[in-house]
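Just so it is clear, none of the values below were taken in a lab; they were calculated from the coordinates. Here the structure is a predicted model, which means the values were calculated and not measured. Positions of Cβ are backbone-derived with ideal geometry, glycine not excepted, and every protein chain shown enters the neighbour counts.
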Amino acid sequence: MHSSERKFDLSLTDKVIAATGPNAHPRLAQVMPSLVRHLHDFAREVNLTVDEWTTAIELINECGRMSNDRRNETQLLCDILGLETLVDEITANIVSSASVSGTSTPSAILGPFYRHDAPLLPNGSSIVKDLTPAVPWYEQAVADSAYITGRVLSHNPLFPDMPPTPLRNAIVDVWHTAPNGLYEQQDPSQPDMNLRGRFATDAEGRYAFYALRPVAYPIPDDGPAGKFLALLDRHPHRPGHIHFIVSATGHRTLTTQIFDDRDEYIEKDSVFAVKDDLVVHFEPREQDPQAKWTLNYEFVLEAG
Ligand code: MBD
Ligand code: FE
């Protein structure tokens, strides 16, 4: 054989797949042949060298080293590759016919900054903590102050033509960044649990709280995911968004985000999470010293 001709051991792939034993975890036994095939095909297709593979290993190791309960760099790496959005889409297709047909609210990715146990607050209260003129972003917080209201409704896919009905005691769990583009756990200058809260809907399914219009912000770009973006000549910005997890007894829990339509990054989200039905329009709010803007948004959960 000519020495410049590349010849790969295709049977290696088969050997790796065949090495799986009869008592393997069933789901792994089902998915690993595909993973191994795609992984090997990728390496052969791009002529992956040892040096390149070592660089990739270092990237993944660095992501792992940086990940903790304040920062999930490995998840961020998946996010910039579109994997969290893809998995969310696949999950919706498998388990939720209604979200696919557009009758329930579409999901969006969780992202790396959710915290459990945000305070349960009364409707009509504010998730903006300690807002005084001493806060560096005070002016912008006042300019972006927003009253967000809406209802949580139930859609039953068994009765697709029935209009959605209000859900009492649904929990609306919300979180977003400060005007400096940082979540409270990323920012020592913010009080614990700032811009996070949970609200229970009333008998008519309504929730209401004060928050801020969200700002566009760069995902953390001082780590390996950020370095990777730079190597790809990609920007790190996400359009301004507010995260929600909406849950109610007997319903599929909805993890989603809403996106402010004023945002220039709405069509170039660095983690590919924007969906048309999740783009919202804030309206000016009259005669409320606590809010310059208002938004009404209904969440439709799927029964089952
Ligand atoms: C975020 O704030 C976020 O919501 C996602 C999905 C990824 C990175 C940063
Ligand atoms: Fe986010």
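Modelled spin-label separation between residue 261 and residue 45, with each label point placed 7 Å from Cα along the Cα-to-Cβ direction: 3.9 nm. Calculate for the chain the 222 nm mean residue ellipticity that helices alone would give, adding -39,500 (n - 2.57) per DSSP H run of length 4 or more and normalising by residue count, nearest 500 deg cm²/dmol. My calculation for the chain gives -8500 deg cm²/dmol from helical runs alone.
By how many nm would the segment from residue 120 to residue 132 lengthen if fully extended, with 0.36 nm per residue of separation less the alpha-carbon distance?
Here the segment from residue 120 to residue 132 would lengthen by 2.0 nm.
Relative to a virtual label point 7 Å from the Cα of residue 298 in the Cα→beta-carbon direction, which members of the range 152-189 show backbone nitrogen distances below 13 Å? Correct set: 152-156, 162-167.
Counting only C-alpha contacts under 8 Å and six or more residues apart, can you give the relative contact order of the chain as a whole percent? Please list the in-between numbers first.
Working: 542 pairs, mean separation 63.4, N = 304.
It comes to 21 percent, rounded to a whole number.
Based on the convex hull around the alpha carbon atoms, the chain presents an average projected area of 20.7 nm². Multiplying the residue separation of residue 91 and residue 227 by 0.36 nm and subtracting their alpha-carbon distance yields 46.0 nm. On a per residue basis, the convex hull of the C-alpha atoms belonging to the range 1-73 measures out at 127 Å³.
Enumerate by residue number the trypsin sites (Lys or Arg not before Pro) in the range 28-129 meeting two conditions: DSSP loop (anything except H, G, I, E, B), and at most 15 other Cβ atoms within 10 Å of the site's Cβ. In loop regions of the range 28-129 (DSSP not H, G, I, E or B), the sparsely surrounded trypsin sites (Lys or Arg not before Pro) are 70, 115. Taking label points 7 Å from Cα along the Cα-to-Cβ direction, residue 286 and residue 192 give a separation of 4.3 nm.
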